[in-house]
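Q: Sharing a structure below in structure tokens format, with a few things to ask.
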Amino acid sequence: MNVGNPTVWIDIDNPPQVQYLAPVAEELERRGFRVVITARDNAITHQLLRDRGTPFLPVGRAFGKQKWKKVSGVLGRALRLVLAVQGTSPKMILCASRSGALAARLRGIPGFIICDYEHAELSSYTKLGTYVAFPDSIDQEIFRSRGFASDRVLPFPGLKEHLTFHGRDIASEETFRPFGLDPAHAVVAFRPPAAEAHYYSSKSKVVYEALLDHLAARDDIHLVFLPRYSWQAEQLNCWNWRCPVLVPENPIPPVSLLKGADLVISSGGTMLREAAFLGVPSYSIFQSAIGEVDKDLEAKGQLILIKGPEEFDRFRFEKKTSAGPTTEAADTMDCLLKLVLSRAGLATSEDDS
């Protein structure tokens with residue numbers, strides 16, 4: 001165990017971050033660090049953490065769609081974060097949120113973000129002196145050109161999904177089975193666009209609604225609709241569905257869901273990359289700038305990018321024959337922790353080995 005048991009702070013801002021930051025917290029604890037986790041009450045974030053048995057401090061709520069609410073939300077939550085960890089003396093913070101990065105600056109400790117979409121708004125992080133860790137399929141020069149100092153650019157091998165599935169026995173986990181549905185019909189897991197995100201494109205709405213028309217007319221699928229916002233589920237009533245549509249009342253464990261899905265359609269996002277990682281046929285209807293990670297997955301045949309309704313014939317609504325990790329193993333967890341811990345002055349003998 002590391003002498004003095006220094007504390008590492010992890011802040012979780014939304015549900016997808018639970019998937020890859022919680023395993024990092026577990027690995028840090030295994031290495032002898034004390035870990036404090038803060039988490040925003042945003043959609044099902046808290047529920048996912050409870051389902052994992054992960055202790056956390058609740059800090060903040062969803063901000064709202066308007067820009068002024070997002071700005072005030074980030075500022076207010078950063079202050080609450082600082083107050084929440086008083087007495088724990090964290091030596092660094094690992095997060096993927098502006099409020100977490102700002103809280104690091106306010107406390108005077110190193111702040112690290114994990115970013116696998118280089119077209120996100122990054123100027124706030126550069127101004128705060130945040131370190132950025134990212135998959136090495138993204139050219140380092142992209143982050144330098146966005147204002148990050150060379151010593152704060154930290155590429156790691158593999159994908160952040162290597163963190164998500166680090167040490168997990170995927171084969172032993174349960175498989176989601178929709179109750180009472182025709183087993184011959186393909187199960188489609190569908191995640192709609194992040195309509196309130198700053199990178200949202202108006203074309204996404206056009207493609208998304210055209211795809212709902214397309215799916216509603218089919219009678220050979222079972223649709224598991226996974227809304228980002230409650231109003232997206234309510235909009236489903238605008239279509240006459242020939243196929244069964246399931247909107248889960250409670251979160252479905254992500255691995256269980258992906259094992260049970262025959263294909264995944266999503267407007268980008270973490271779930272899509274997890275599906276591609278696990279070998280589930282994956283289709284992106286994301287219409288904003290495509291990131292290098294998704295381009296790399298497409299080049300490897302693990303992801304299909306749908307550019308518009310004219311490409312809907314590329315969907316294959318078929319029962320999948322098998323699934324399992326299709327991405328080569330990588331020392332992602334070890335390399336990431338070596339990078340961030342060394343920059344924070346917390347490297348251990350295990351990190352140096």
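Q: I'd like to know if the range 286-307 contains one or more residues that are surrounded by 16 or more Cβ atoms within 10 Å (Cβ to Cβ), touching a helix residue (DSSP H, G or I) at 6+ places or on another chain (Cβ under 9 Å), small (Gly, Ala, Ser) and in contact (Cβ under 8 Å) with a residue 40 or more places away in the chain.
A: yes
Q: Need the failing condition index for ARG228 against (1) in the same structural domain as VAL74 (by TED's automatic domain parsing); (2) touching a residue at least 40 places away in the same chain (Cβ under 8 Å); (3) part of a loop (DSSP other than H, G, I, E, B), just the number.
A: So the condition that ARG228 fails would be (1).
Q: Next up: In the range 144-162, what residues are crowded, with 23+ Cβ neighbours inside 10 Å, assigned to a strand (DSSP E or B) and among the aliphatic types (A, V, I, L, M)?
A: LEU154
Q: Hey, another quick one. What tally of residues in the range 33-51 results from selecting those that are outside any loop (DSSP other than H, G, I, E, B) and either surrounded by 16 or more Cβ atoms within 10 Å (Cβ to Cβ) or among the aromatic types (Phe, Trp, Tyr) (or both)?
A: Here the count works out to 11.
Q: Tally time: how many residues in the range 87-126 are touching a Gly at 6+ places or on another chain (Cβ under 8 Å), under 19 Å from ALA344 (Cα atoms) and charged (D, E, K, R)?
A: Of the residues in the range 87-126, 2 are touching a Gly at 6+ places or on another chain (Cβ under 8 Å), under 19 Å from ALA344 (Cα atoms) and charged (D, E, K, R).
Q: Would you check if ARG30 is surrounded by 18 or more Cβ atoms within 10 Å (Cβ to Cβ), at pLDDT 95 or above and of a type in the set (Lys, Arg)?
A: No: the conditions fail for ARG30.
Q: Restricting the range 80-133 to residues that are of a type in the set (Gly, Ala, Ser) and free of Cβ contacts under 8 Å to residues at least 24 places away in the same chain, which is nearest to LYS160 (Cα to Cα)?
A: So the residue we want is GLY111.
Q: Would you confirm whether or not the range 125-138 contains a residue that is farther than 27 Å from VAL255 by Cβ and polar (S, T, N, Q)?
A: Yes: one or more hits.
Q: What is the number of the single condition among (1) under 20 Å from the mean Cα position of the chain (by Cα); (2) surrounded by fewer than 17 Cβ atoms within 10 Å (Cβ to Cβ); (3) small (Gly, Ala, Ser) that ALA261 does not meet?
A: (2)
Q: Further, regarding this structure: Restricting attention to the range 169-190, does a residue exist that is in contact with a His (Cβ under 6 Å, 6 or more places away or on another chain) and outside any loop (DSSP other than H, G, I, E, B)?
A: There is at least one residue in the range 169-190 that is in contact with a His (Cβ under 6 Å, 6 or more places away or on another chain) and outside any loop (DSSP other than H, G, I, E, B).
Q: Consider only pairs whose beta carbons are under 6 Å apart and that are at least six residues apart or on different chains; among these, list those whose first residue lies in the range 231-248 and is under 18 Å from HIS185 (Cβ atoms) and in contact (Cβ under 8 Å) with a residue 24 or more places away in the chain and whose second residue is of a type in the set (D, E, K, R) and surrounded by fewer than 15 Cβ atoms within 10 Å (Cβ to Cβ).
A: Cβ pairs passing all conditions: ARG242/ASP219; CYS243/ASP219.
Q: Going by what's in this entry, would GLU141 be described as assigned to a helix (DSSP H, G or I) and among the acidic types (Asp, Glu)?
A: yes
Q: Let me spell it out: the conditions are (1) in the same structural domain as ILE221 (by TED's automatic domain parsing); (2) of a type in the set (A, V, I, L, M, F, W, C); (3) over 16 Å from the mean Cα position of the chain (by Cα), and ALA197 meets all of them except one. Which number is the exception?
A: (3)
Q: Every residue in the range 102-121 that is buried (at least 23 other Cβ atoms within 10 Å of the Cβ) and of a type in the set (Gly, Ala, Ser), please.
A: Matches in the range 102-121: ALA103, ALA104, GLY111.
Q: Could you list, in sequence order, the residues of the range 210-234 that are of a type outside the set (A, V, I, L, M, F, W, C), under 25 Å from the mean Cα position of the chain (by Cα) and surrounded by 14 or more Cβ atoms within 10 Å (Cβ to Cβ)? I'd like the intermediate steps shown before the answer.
A: Within the range 210-234, the subset of a type outside the set (A, V, I, L, M, F, W, C) is 213-214, 218-220, 222, 227-230, 232, 234.
Pick out the ones that are also under 25 Å from the mean Cα position of the chain (by Cα) and you get 222, 227-230, 232, 234.
Matches in the range 210-234: HIS222, PRO227, ARG228, TYR229, GLN232.
Q: Which of the residues belonging to the range 129-138 are more than 26 Å from GLU298 (Cβ to Cβ) and either among the hydroxyl-bearing types (Ser, Thr, Tyr) or outside any loop (DSSP other than H, G, I, E, B) (or both)?
A: Within the range 129-138, THR130, TYR131 meet the criteria.
Q: Take the residues in the range 198-209 that are assigned to a loop (DSSP other than H, G, I, E, B) and surrounded by 14 or more Cβ atoms within 10 Å (Cβ to Cβ), then tell me which one is modelled with the highest pLDDT. Outline the logic, then answer.
A: Here is the first cut: in the range 198-209, the residues assigned to a loop (DSSP other than H, G, I, E, B) are 198-201.
Within this subset, residues satisfying the condition of being surrounded by 14 or more Cβ atoms within 10 Å (Cβ to Cβ) are 199-201.
Values: TYR199: 82, TYR200: 86, SER201: 89.
Looking at the filtered set, the residue picked out is SER201.
Q: Still on this structure: Can you tell me which residue among LEU272, LEU257, LEU215 is over 27 Å from LEU49 (Cα atoms), part of a helix (DSSP H, G or I) and in contact (Cβ under 8 Å) with a residue 24 or more places away in the chain?
A: Being over 27 Å from LEU49 (Cα atoms), part of a helix (DSSP H, G or I) and in contact (Cβ under 8 Å) with a residue 24 or more places away in the chain holds for just one of LEU272, LEU257, LEU215, which is LEU215.
The values are calculated or read from the model by the stated rules, or taken from the named source; none is laboratory data. Just so we're clear, the structure is a prediction, and the values are computed from it rather than from any experiment. Cβ sites come from the backbone with ideal geometry, for glycine too, and all protein chains shown count toward neighbours.
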